[in-house]
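*Asks:* To start, I am sharing the structure in question, which I have written as structure tokens.
Please treat every number below as a calculation from the coordinates, not as lab data. This one's a predicted model, so the numbers in the text were calculated from it and none came from an experiment. All Cβ positions, even for glycine, are placed from backbone atoms using ideal geometry, and neighbour counts span all protein chains on display.
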Amino acid sequence: MQTRWDTVPVGGDAMRVYVAVPDGPGPFPAVAVMQGLGGVEETIQTLTRRLAEAGFAAAAPELYHRQTDSISEEVRHLPPGHPDRVAKLMAKAEQMRDDELIADGAAAVELLRGLPEVDAGHVGVVGFCQGGRTTYLVASAVAGLGAVVPFYPSSLWVARGDGPPPIERTSGITAPLLGIFGGDDQNPSPEDAERIGAELSKHGKVHEFRSYAGAGHDFLNFRADRYREEQAAAAWELMLTFLREHLRVPTTAGAGQP
């Protein structure tokens, strides 16, 4: 596996992107990985590498690249889930704007499509928590995606900046969607998941949902107290199966388990 940081221009700024590519000539299917609240930190970098282990070129864009505050440094030593960390990062996330998130996600997809090792016709998007929300946004606006997997997408009914909230952009989604939820989560709650599914069905979108009992929000984050190993492993394998089906990766690739 090869890993590196690339830089792409977007919105008049330079955005760093963490890239992991499987060994071999390819061409590989590819996945853009949308960060959670903590940015492209250890958790996201690890999951990006695990996608590469499973046979996908993967790229995680730094979506906070427009911000100049010191919040990321202030919370660097606080563990995931720490109330001070969450409060500070929520303030950071609220500075983001949906049109900018769409532009950043599109830039990451285009970066992958331009890599010589990538099969440009088979690119998907996955994301976690806030990144699940971003995945939903990107899926509604970027053409030609092969699969999208939002994990516990939070705040789909909240718009950031001008324009409608993500849930009201559902008609723009064209790729098959796999939604993964924690049965004990409250953001999104099981009722929220039902509402999301109803909106996708109303617009005739191909989708499937899976909820994991005994798991709350961010249950795939192995650095957090809320990590649930059994449910995380099952959800990761389900995601890989979905991506392999829709992005056509050979089933002989490694599991890349979390």
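*Asks:* For region 1-114, rounded, prolate or oblate, judged on the Cα gyration tensor with a ≥ b ≥ c (square roots of eigenvalues), a/c < 1.5 rounded, else prolate if a/b > b/c?
*Replies:* Taking the square roots of the gyration eigenvalues as a ≥ b ≥ c, region 1-114 is oblate.
*Asks:* Let me ask another. Is the chain best put as rounded, prolate or oblate by its Cα gyration tensor, with a ≥ b ≥ c the root eigenvalues, rounded for a/c under 1.5, and otherwise prolate when a/b is larger than b/c, oblate when not?
*Replies:* Verdict is rounded for the chain.
*Asks:* Using a ≥ b ≥ c from the Cα gyration tensor of region 173-241 (square roots of the eigenvalues), is it rounded, prolate or oblate, where a/c under 1.5 gives rounded and otherwise the larger of a/b and b/c decides, a/b for prolate?
*Replies:* oblate
*Asks:* May I pose another question? Using a Förster radius of 30 Å, what is the FRET efficiency between Val158 and Asp23 based on their Cβ-Cβ separation? Nearest 0.05, please.
*Replies:* Efficiency, from the Cβ-Cβ distance: 0.15.
*Asks:* Loop only per DSSP, at most 11 neighbouring Cβ atoms within 10 Å: give me the GluC sites (Glu not before Pro) in region 1-106, ordered by residue number.
*Replies:* Hits after loop and neighbour filter: Glu94.
*Asks:* Grab the Cα-Cα distance for Ala14 and Thr46, subtract it from 0.36 nm times how many residues apart they are, and report the gain in nm with one decimal.
*Replies:* Answer, rounded to one decimal: 9.2 nm.
*Asks:* Run the simple label-point estimate for Leu238 and Asp99 please: 7 Å along Cα→C-beta, distance reported in nm.
*Replies:* 3.6
*Asks:* What is the spin-label model distance, in nm, from Ser70 to Glu208 if the labels are put 7 Å beyond Cα along the C-beta direction?
*Replies:* 4.9
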